[in-house]
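Data block below; observations after.
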There are 2 protein chains.
Amino acid sequence: MFDRIETPSVIISLEKVRKNLEGMAEIKKYGCALRPHIKTHKIPELAKMQMEYGSCGITCAKMSEAEVMADAGIDDIFVAYPVIGGDKAAKALALNRKVRLILGADSLRGAEGLSDAATGSGIVFEVRMEIDTGMKRTGVPYDKALDLAEAIVKLPGLKLTGIYTFRSCLLDGKPTDKREQAGEQEGMLLAGLADKLRSRSIDIRDVSGGSSPTGNYTARVSGVTEIRPGTYIFNDMMQVNIGAASLDECAAFVLATVISTPADDYAVIDGGSKTFSTDVIPGTAPFFLEGYGKIAGHPDLVLDRLSEEHGVIRSKTGRTGLETGQRLMIIPNHICTTVNLHNHVFFEEDDGTTRCVPVAARGKVY
Amino acid sequence: MFDRIETPSVIISLEKVRKNLEGMAEIKKYGCALRPHIKTHKIPELAKMQMEYGSCGITCAKMSEAEVMADAGIDDIFVAYPVIGGDKAAKALALNRKVRLILGADSLRGAEGLSDAATGSGIVFEVRMEIDTGMKRTGVPYDKALDLAEAIVKLPGLKLTGIYTFRSCLLDGKPTDKREQAGEQEGMLLAGLADKLRSRSIDIRDVSGGSSPTGNYTARVSGVTEIRPGTYIFNDMMQVNIGAASLDECAAFVLATVISTPADDYAVIDGGSKTFSTDVIPGTAPFFLEGYGKIAGHPDLVLDRLSEEHGVIRSKTGRTGLETGQRLMIIPNHICTTVNLHNHVFFEEDDGTTRCVPVAARGKVY
């Protein structure tokens with residue numbers, strides 16, 4: 001199987017992808033919409049599949065990702081990221097003529113930039129305000145959200161239609177594996193804020209949160225209208241580790257070849273930190289992962305050290321039992337940043353055939 | 001400056017590149033050749049510049065990188081990596097018809113694969129045996145090298161012409177900042193082994209080692225014929241941290257924009273782990289780096305946390321002083337894996353103009 005595929009390569013089971021899409025689509029029973037984040041796959045064909053499985057649109061982080069998706073025919077896109085600097089507001093204007101575009105703002109400065117770009121264009125940007133619900137990255141601090149909203153609604157060329165947040169596995173500001181409580185707390189924070197904004201006559205229609213591990217719980221909170229999970233389409237060892245997916249629900253793995261067996265207790269594969277992502281550090285909270293990926297069928301082996309093009313596998317028993325030339329299937333810790341390293345991936349169809357698919361929005365960081 | 005460049009982007013000063021190339025070329029005074037590793041830049045134009053500055057050829061990790069460089073006109077390439085699996089030996093055969101190709105082998109199995117491919121083709125592969133001098137990844141263990149060499153020389157279609165190693169900042173098997181001793185020890189190990197091989201009538205001509213931080217010392221050891229540094233062309237915070245380069249010798253930086261200033265003590269830029277590499281973990285040996293890159297002109301600021309498209313900058317004084325829209329120049333911890341994240345970079349010419357250059361061999365992991 002996969003004999004004709006060069007290694008290292010990312011292989012994706014479309015059968016498992018479909019099951020994962022079906023599973024997440026169930027949150028619609030709570031009256032909540034699904035707007036998946038395409039950062040995980042960056043592949044238009046999969047974004048379209050997510051639309052077929054009942055998504056209301058997609059989420060992107062960057063305008064350049066959204067451009068790739070719009071060119072491929074996706075017509076409802078939320079760029080959930082502050083639009084600051086360069087030609088980004090002008091690009092938003094161009095994109096807005098092609099698709100329903102929703103933009104993020106977490107500051108008056110960002111909103112003003114959008115307002116300036118829209119003025120005189122005949123376009124009114126649909127804007128959602130990003131709220132910090134504990135992650136301390138982008139997002140207006142929760143207690144300053146009312147003031148910012150009141151300033152944004154006064155700007156011409158914008159319509160403030162919603163609020164959104166990202167925080168995933170946090171509870172009371174700290175990393176947690178209590179996904180249900182984390183999701184619920186996030187939903188309550190968002191829904192409560194939306195009510196306060198409405199009480200000030202700001203017409204908040206869209207209340208958007210959630211992540212792959214917590215979205216199912218955020219979606220149940222009354223007042224939450226949309227979730228934006230990303231990783232669930234493939235899953236990875238982070239999701240497995242925190243109980244949000246089973247190993248069998250991991251739809252993507254790296255196929256690698258053992259290239260060297262210099263000693264009994266370690267062996268080397270043909271992929272390192274240019275093949276597997278390293279943004280999740282093994283052994284740190286809240287994902288206490290062992291090594292840089294899970295080597296399928298070999299519970300005694302750990303992908304222990306990576307250099308750029310080498311992965312060193314250590315045996316916990318002292319004997320890897322691996323042979324040079326042997327191929328291994330490795331589920332990465334973080335599939336989003338792993339796929340981002342690859343120019344293309346291979347889709348495995350239900351009949352076992354494979355085809356090479358470019359990761360079209362890879363490297364689209366603008 | 002750089003006003004018209006979208007962020008986040010990697011910008012490379014060609015003036016500094018030239019100085020770095022000039023500096024490393026000085027090792028030739030020790031009678032040692034320079035065969036730089038192109039993993040750092042993956043850009044044919046820079047490989048050609050390295051040739052102009054007196055390199056005898058280039059080094060690649062993967063066959064697919066070498067193909068890109070050969071297509072661009074580089075005609076002397078060492079793929080310093082075991083050739084195992086897939087169509088790699090067949091690709092080597094094709095490449096060998098175009099350029100002087102040197103291949104790596106660290107096992108009889110690997111050498112046999114090359115021998116099989118060469119048999120009947122009329123081609124004799126030039127092969128160097130990889131030696132483990134303490135890094136414990138690929139490379140035949142030092143004490144098994146004589147036996148492997150004697151087995152390799154018996155294989156048809158191959159000519160064993162050299163030995164090579166990679167170990168960089170290791171001394172007696174442990175991470176070190178003693179670059180001089182590390183480089184010397186490596187050179188002595190290689191030169192000593194080469195002599196032993198010659199005493200068994202194996203004609204070892206090429207003795208290749210070194211890295212950016214240690215190459216200058218490895219090159220001085222009598223019997224070492226070649227070094228293969230990579231990072232020196234750009235340098236990065238690892239090189240600065242270990243004393244192998246000054247900040248002024250860092251030729252590459254990431255231009256990023258502050259997109260959010262939600263609090264006095266932190267701000268967010270538009271690049272995260274899809275812009276800056278994370279394979280070097282801050283605060284770990286032998287590079288005790290602070291944060292994920294050095295923010296030029298702001299000694300009080302630390303690039304503290306990365307998510308995929310967000311970089312969170314923390315102020316050590318409690319006030320970042322940053323404004324939304326402000327641009328920052330950040331020298332990455334590890335430039336090789338950082339460039340690998342980008343589809344293109346910008347070259348800054350001596351007159352201050354910039355041009356966009358594709359990272360042609362990016363993602364070439366086969």
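The values are calculated or read from the model by the stated rules, or taken from the named source; none is laboratory data. All values reported here derive from a predicted model rather than from experimental measurement. All Cβ positions, even for glycine, are placed from backbone atoms using ideal geometry, and neighbour counts span all protein chains on display. With ligands, DNA and RNA removed, areas are computed over all heavy atoms of the protein, side chains included. Shrake-Rupley method; radii C 1.70, N 1.55, O 1.52, S 1.80 Å.
Worth a mention:
- Calculated from backbone phi, Karplus (6.51, -1.76, 1.60) coupling profile of the stretch B:278-284 in Hz, x at Gly/Pro: 10, 7, 9, 8, x, x, 10
- Carbon/sulfur fraction of accessible area - the stretch B:117-184, other protein chains in place, 1.4 Å, %: 51 percent
- Furthest towards positive pole of dipole, A:ALA251, A:LEU93, A:GLY183, structure part chain A, Cβ charges: A:LEU93
- Pair A:ARG97, A:ASP3: separation of 7 Å Cα→Cβ label points (nm): 5.4 nm
- Ordering B:THR7, A:THR317 by accessible surface, largest first, gives A:THR317, B:THR7; the 1.4 Å probe counts only protein heavy atoms, with every chain in place.
- Against the main long axis of the alpha-carbon atoms of chain A, helix A:14-25 sits at an angle near 30°.
- Annotation: aspartates and glutamates with alpha-carbon distance below 16 angstrom to A:LYS316 (same-chain offsets under eight excluded): A:ASP264, A:ASP265, A:GLU290, A:ASP300, A:ASP304.
- Dipole magnitude for chain A: about 920 debye, using +1 per Lys or Arg Cβ and -1 per Asp or Glu Cβ, origin at the Cα centre.
- Subset of A:LYS364/B:LYS39; A:LYS294/B:LYS42; B:LYS39/B:LYS98 violating a 25 Å alpha-carbon distance limit: A:LYS294/B:LYS42
- On the beta carbon distance between B:ASN343 and B:TYR30, with R0 = 30 Å, the FRET formula returns roughly 0.20.
- Here the stretch B:285-327 and the stretch B:76-90 have alpha carbon centers that stand 40 Å from each other.
- Buried area at the B:A interface is about 5200 square angstrom, summed over both chains, from accessible surfaces computed with a 1.4 angstrom probe.
- Under 5 Å between amide hydrogens, built in the peptide plane, is the criterion, and for A:PHE78 it picks out A:ILE58, A:THR59, A:CYS60, A:ILE102 among residues at least 5 positions away or on other chains.
- 17 Å reach of a label modelled at A:ARG18, 7 Å along Cα-to-Cβ, counting backbone N of the stretch A:348-363: A:348-355
- Positive-end extreme of charge dipole, the protein assembly as shown - chosen from B:CYS32, A:SER201, B:LEU103 (charges on Cβ): B:LEU103
- Rolling a 1.4 Å probe over the protein heavy atoms gives chain B an accessible area of 35 Å² per residue.
- Taking the Cα centre of the stretch A:59-170 as origin and assigning +1 to Lys and Arg Cβ atoms and -1 to Asp and Glu Cβ atoms, the resulting dipole is close to 60 debye.
- From most to least packed by mean Cβ count within 10 Å, the peptides A:52-60, A:251-259 give A:251-259, A:52-60.
- Distance between the stretch B:102-170 and the stretch B:12-32 - C-alpha centres, whole angstrom: 30 Å
- Taking a straight Cα-Cα cut-off under 13 Å and skipping sequence neighbours fewer than 8 places away in the same chain, the aspartates and glutamates within cross-link reach of A:LYS174 are A:GLU186.
- Residues of the stretch B:325-366 buried by at least 40 Å² on assembly (accessible area, 1.4 Å probe, chain alone as reference): B:ASN340, B:LEU341, B:ASN343, B:ARG362, B:VAL365, B:TYR366
- Partners of A:LYS274 within straight-line reach, counting aspartates and glutamates whose Cα lies under 12 Å from its Cα and excluding those fewer than 8 residues away in the same chain: A:GLU308, A:GLU309, B:ASP279.
- Computed from point charges on the beta carbon alone (+1 for Lys and Arg, -1 for Asp and Glu), the dipole magnitude for the stretch A:172-301 about its Cα centre is near 680 Debye.
- Rounded to the nearest 500, the 222 nm mean residue ellipticity of chain B from helices alone is -7500 deg cm²/dmol, with -39,500 (n - 2.57) taken per DSSP H run of at least 4 residues.
- Spin-label model distance (nm) - B:ALA72 vs B:GLU150, 7 Å beyond Cα toward Cβ: 4.4 nm
- Relative to the longest principal axis of the Cα atoms of chain B, helix B:179-199 runs at roughly 10 degrees.
- Farthest positive-ward along the protein assembly as shown dipole, Cα basis, beta-carbon charges - from B:GLY363, B:LEU306, B:GLY283: B:GLY363
- Helix A:108-118 vs. chain A, principal-axis angle (Cα, 0 to 90°, nearest 10): 80 degrees
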